[in-house]
Every structure is written in structure tokens, then in C-alpha cells.
Amino acid sequence: MNDIAETTLDVTRQENITRILDAAERLFRHYGYSKTTVADVARDLGMSPANIYRFFASKVEIHQAICGRMLAMSYELAANICHQKISASDRLRQYVRSQYQLTLDMMLDQQKVHEMVIVAIERDWHVIEKHIDSIHALIADVIRDGIAAGEFADQDPEVASRCFGAATINLCHPQMVAQCLAKTNRAAVDELIEFAIRALRK
């Protein structure tokens with residue numbers, strides 16, 4: 001098989017994978033993850049379940065791929081903010097606020113999406129841990145910039161990043177955001193952000 005034929009096959013395969021993921025995500029959002037089967041996805045696409053299994057071994061594998069796409073979008077949003085030419089403090093503020101809003105918009109306003117995320121978190125998938133590590137690395141770079149500019153105290157940026165993430169997890173973790181929304185005895189979004197940023201300063 002020549003290179004052109006191999007490239008065409010790769011493109012076709014990726015197009016099929018994207019179609020399957022788009023259909024599955026649409027059905028998961030509408031009916032819920034637990035109520036949607038591989039057969040439902042196949043029916044929606046006008047193909048047989050066997051054809052789905054050529055690309056994904058199970059519904060769980062489809063779910064993992066969808067989760068990966070959602071996390072990639074979250075990372076891209078975070079990276080764009082963290083690479084802005086503004087102060088480290090302002091980047092951290094924007095990052096946490098954007099992640100909080102993303103959680104509200106994507107995961108809580110659509111209850112079926114929330115179910116998908118909770119299932120993924122409970123199964124402790126590697127893709128989520130990898131995402132957390134990537135976010136920690138981004139935040140560590142921002143803190144490193146803040147230290148170099150004299151904005152933050154001299155400290156280990158990697159440790160500081162993990163601590164900053166732990167301090168603001170109530171604003172990024174879907175279950176915790178959902179639990180705190182209706183509570184009046186919790187710190188407000190900006191109060192928690194400012195508290196975490198103050199901890200980085202001299």
C-alpha cells in the first residue's frame with residue numbers, strides 16, 4: 001500500500017472515530033450515560049454495533065475518548081490564559097474563574113454531562129490524572145514567572161502549584177461545585193481566589 005492510500009485510510013478512520021464520538025456525546029447528553037448503549041450509538045449513525053466495535057472496544061472506551069476531548073478543551077482554555085502577557089496574579093485569577101465558569105456551563109447546566117463527568121471521576125481514569133498533571137505544570141510556570149517578577153515569595157513552584165490547586169478545588173471539581181452552589185456558609189468565588197493568591201505572596 002502506498003503512502004497516499006495509507007493517508008486516506010488514516011483520514012477515513014479518524015472521520016469515523018469523530019462521527020462515533022459526536023453521536024455518542026449527543027446521546028449521552030440527551031438520554032444520560034447509563035441509559036445509552038453502543039447499539040443506540042450505532043442506530044443513530046445508521047451502522048451496526050459491530051462497526052462501532054471496530055473502533056472502540058466498549059462503551060467505556062467511547063466515554064474515555066469523549067472525556068479526553070472535554071479535558072483537552074479545558075486545557076486549551078487554561079493554556080491560553082496562562083500564556084497571556086499580564087501579571088501572574090491576574091493570570092491565576094482568570095484561570096480559576098474560567099475553570100469555574102466552564103464547570104458551571106458544561107457540567108452543571110447539563111445534568112447528563114455532569115453524570116458523564118462523575119462516572120469518569122469515580123473510575124479514576126488515567127486521562128484525568130494526566131490532565132491534572134498538565135494543569136499543575138501550567139500553573140507552576142505562572143507561579144515561576146511571579147517569583148521572577150518579585151510578585152510572589154521565593155518558593156518551589158511545583159509544590160506551590162499543587163497547593164494552589166488544592167486550595168481552589170472547590171471551584172473546579174464538578175461534585176464540589178455542585179454541592180457548594182446552594183450553600184450560604186461557603187467562601188465566595190473571588191474570596192477563595194484572593195485567599196489562594198495571597199498565600200503565594202511575600
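The values are calculated or read from the model by the stated rules, or taken from the named source; none is laboratory data. For clarity, every value in this text was computed on a predicted model and none was experimentally measured. A quick note on method: Cβ atoms are made from the backbone with ideal geometry, for glycine too, and the neighbour counts reach across all protein chains shown. Side chains are part of the model used for accessible areas, which takes the heavy atoms of the whole protein and leaves out ligands, DNA and RNA. Shrake-Rupley method; radii C 1.70, N 1.55, O 1.52, S 1.80 Å.
So, in nm, how far is label ARG43 from label ALA137 when the simple model puts each one 7 Å beyond its Cα toward the Cβ?
Rounded to a tenth, the inter-label distance reads 4.3 nm.
Near LYS85, which lysines are there with a Cα under 27 Å away, not counting those fewer than 8 places off in the same chain?
Those lysines meeting the cut-off are LYS130, LYS202.
By per-residue mean of other Cβ atoms within 10 Å, what is the highest-first order of 17-27, 88-98?
Ranked from most to least packed, the peptides come out as 88-98, 17-27.
Relative to the first principal axis of the alpha-carbon coordinates of the chain, what is the inclination of helix 59-82, with its axis defined by its Cα atoms, in degrees from 0 to 90 and to the nearest 10?
It is inclined by approximately 30 degrees.
If I compute solvent accessible area with a 1.4 Å probe over the protein chains, what percent of it on the range 16-59 is carbon and sulfur?
Heavy-atom surface of the range 16-59 belonging to carbon and sulfur, 1.4 Å probe: 53 percent.
With angles folded into 0 to 90 degrees, how steeply does helix 126-148 sit against the dominant principal axis of the chain? Use alpha carbons for both and round to 10.
Helix 126-148 and the main axis of the chain meet at about 30 degrees.
Want the number for ASP190 to SER34: 0.36 nm per residue separation, take away the alpha-carbon distance, what's left?
Between ASP190 and SER34, full extension yields an extra 52.6 nm.
Check cross-link reach from LYS35 to the lysines: straight Cα distance under 19 Å, and skip same-chain residues fewer than eight apart.
LYS59, LYS112
Subtract the Cα-Cα distance of TYR75 and GLU158 from 0.36 nm times their separation in residues, and report this length gain in nm to one decimal.
Between TYR75 and GLU158, full extension yields an extra 28.1 nm.
Carbon and sulfur atoms: what percent of the 1.4 Å accessible area of the range 97-202 do they account for?
53
Just grab the label-to-label distance for ASP105 and VAL60, each label 7 Å out from Cα along the Cβ direction, in nm (one decimal).
3.3
Before I look further, what does the range 88-202 give for accessible area per residue, probe 1.4 Å, in whole square angstrom?
53
Calculate how steeply helix 3-31 sits against the longest principal axis of the alpha-carbon atoms of the chain, using the helix alpha-carbon long axis, and give the answer as 0 to 90 degrees to the nearest 10.
70
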